[in-house]
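Below is one structure, written out as structure tokens; comments come after it.
The values are calculated or read from the model by the stated rules, or taken from the named source; none is laboratory data. Note that the structure is predicted; figures quoted are calculated from it, not measured. Note that we place each Cβ from the backbone using ideal geometry, even for glycine, and neighbour counts take in every protein chain shown. Each accessible area value is taken on the protein alone, full model and side chains, heavy atoms only, with ligands, DNA and RNA left out. Shrake-Rupley method; radii C 1.70, N 1.55, O 1.52, S 1.80 Å.
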Amino acid sequence: MSNFSVGFRSLQSVNVLDLKGELDAHTASELEAAIKKCQDDSIYQIVVNGANLNYISSAGLGVFMAYIEDLRSKGGDIKIAALQPKVFNVFDLLGFPMLFDIVDTEEEAIEKFDAQQTAE
Amino acid sequence: MASSTYKLTIPSSTRYLEDVRRFIETHTVEAGFNTQSVEQFKVAVDEACTNVIKHAYSGEDSHELNIKVIVDSDRFTVCIRDKGVAFRPKEYNEPDIFELAKRRQAGGFGVHIMRRLMDHVEYSSQGKVNEVRLTKYLNSHVKNGR
């Protein structure tokens, strides 16, 4: 049985994905399915809450890489929040903070979306 | 101190990566590595095994990976052996995440991660057997100044 799960929460136009467990080459397809589902529902503003994500390998990072441009081209984004330091370290190794908004809290991530919409 | 060796064999399927990480965690903790180094070993060995499963064996789950941990007085080495298609490190280009994102590419940075996290990464092939050796030296990574 996989020790990874994705929970969905809808907050107005933003979808929050609660990641739990360990994200590796075996479980990455579950994250991919979750992001695809958001796209299918025409929700392009995604906040990933990593508070309960205990592990990530490059296969997990790859899912974010594969979808970020499509979401941004639709006016959306993936903002990543509340990562544990050991998980953030893996994002940081590849320079992900240059490509993604990675913030301390879910509230901050949602505020960034709100600020973007106000500016538009 | 004589070296100690521990072995784990898994089928070539990503469903066993979790078992590999538990195995690595057990032995790196036992060797006295700090929490950060334990995590680094788990990620680096996971990346090496994932590459073997996906590339050397093209995702076929009917093969095996042999993982061996060697604990010496000054270093901790993990050897991963397979009998699939050999990896050619000279043909590997360092990833550019902006370029990969543009191409919607989901992979290609496992080797980069291994090299960043380990003190030494070495690939070799003898006959049909390929091996990657991941090494970290104990001096700068142990807790309690062991």
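The table below gives the values:
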| item | result |
| --- | --- |
| Three-way shape label, the stretch B:1-74, alpha-carbon gyration tensor, a/c 1.5 | prolate |
| Surface accessible to a 1.4 Å probe, per residue, for the residues of chain B, Å² | 53 |
| Per-pair calculated FRET efficiency, R0 = 25 Å: A:E108 and B:V29 via Cβ, rounded to 0.05 | 0.15 |
| Whole-number percent relative contact order across chain A, with pairs defined as alpha carbons under 8 Å at least 6 apart | 23 |
| Relative contact order (percent, whole number), the stretch B:36-146, Cα cutoff 8 Å, 6+ residue spacing | 32 |
| Stokes-Einstein D for chain B, Kirkwood Rh over Cα pairs, 25 °C, 0.890 mPa s (µm²/s) | 155 |
| Ratio Rg/Rh, restricted to the protein assembly as shown and using Cα atoms, in which Rh is the Kirkwood radius | 1.00 |
| Between the stretch B:13-90 and the stretch A:33-87, the Cα center-to-center distance that results, in Å | 26 |
| Of all accessible heavy-atom area on the stretch B:1-76, the percent that carbon and sulfur account for (1.4 Å) | 43 |
| Hull volume in cubic angstrom per residue (convex hull over the Cα atoms of the stretch B:92-136) | 88 |
| Listed residues B:G108, B:G84, B:G127, most fluctuating in chain B (Gaussian network, C-alpha, under 10 Å) | B:G127 |
| Kirkwood-Stokes translational diffusion coefficient of the stretch B:64-146, alpha-carbon pairs, 10 °C, 1.306 mPa s, µm²/s | 107 |
| Hydrodynamic radius by Kirkwood, which averages 1/r over all alpha carbon pairs of chain A, in angstrom | 14.2 |
| Beta bridge orientation in chain A: antiparallel %, DSSP, nearest 5 | 30 |
| Residue mean of other protein chain beta carbons inside 10 Å, B:106-114 | 5 |
| Too-long pairs where the Cα-Cα distance tops 26 Å, listed order kept, from A:K112/B:K54; A:K79/B:K102; A:K20/B:K83; A:K20/A:K112; A:K20/B:K68; B:K68/B:K136 | A:K112/B:K54; A:K20/B:K83; A:K20/B:K68 |
